[in-house]
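A.B. asks: My questions all concern the structure below.
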Amino acid sequence: MAAKSEGRFEDLLKRLEQIVSLLEQGQDIDESLKLYEEGMKLSSRLEKRLGEIERKVYEVKNVSKLDKNEDDKMDLELF
């Protein structure tokens with residue numbers, strides 16, 4: 001599980017949505033740059049976390065097949 005200091009996925013996504021909204025409203029150039037930088041960092045963290053979640057779902061979907069040595073029947077799609 002992700003460390004608490006990294007934040008919950010939902011909280012990070014909500015902050016990213018707030019940043020997008022602020023940028024759409026228009027800010028001065030310095031504030032826009034700060035928001036853009038924060039948004040890009042959040043986007044990267046969210047993408048990494050989503051990848052971890054997808055891998056976990058894949059493992060859960062296929063664990064019984066691995067236990068039964070039925071790896072030829074594994075579902076190769078993440079979702």
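A.B. asks: Restricting to region 23-41, what's the tally of residues that are closer than 22 Å to Glu10 by Cβ and either under 9 Å from the mean Cα position of the chain (by Cα) or outside any helix (DSSP H, G or I) (or both)?
C.D. replies: So the answer is 0.
A.B. asks: Does Val57 satisfy being within 22 Å of the chain's Cα centre (by Cα), aliphatic (A, V, I, L, M) and either on the phi < 0 side of the Ramachandran plot or at pLDDT 90 or above (or both)?
C.D. replies: yes
A.B. asks: Given the condition surrounded by fewer than 12 Cβ atoms within 10 Å (Cβ to Cβ), modelled with pLDDT of 95 or more and under 22 Å from Val57 (Cβ atoms), answer yes or no: does some residue in region 35-44 qualify?
C.D. replies: yes
A.B. asks: Of all the residues that make up region 5-14, how many are assigned to a helix (DSSP H, G or I) and surrounded by 15 or more Cβ atoms within 10 Å (Cβ to Cβ)?
C.D. replies: 3
The values are calculated or read from the model by the stated rules, or taken from the named source; none is laboratory data. In this text, all values refer to a predicted model and were calculated from it rather than measured experimentally. For neighbour counting, all protein chains shown are included, and Cβ atoms are generated from backbone atoms with ideal geometry for every residue, glycine included.
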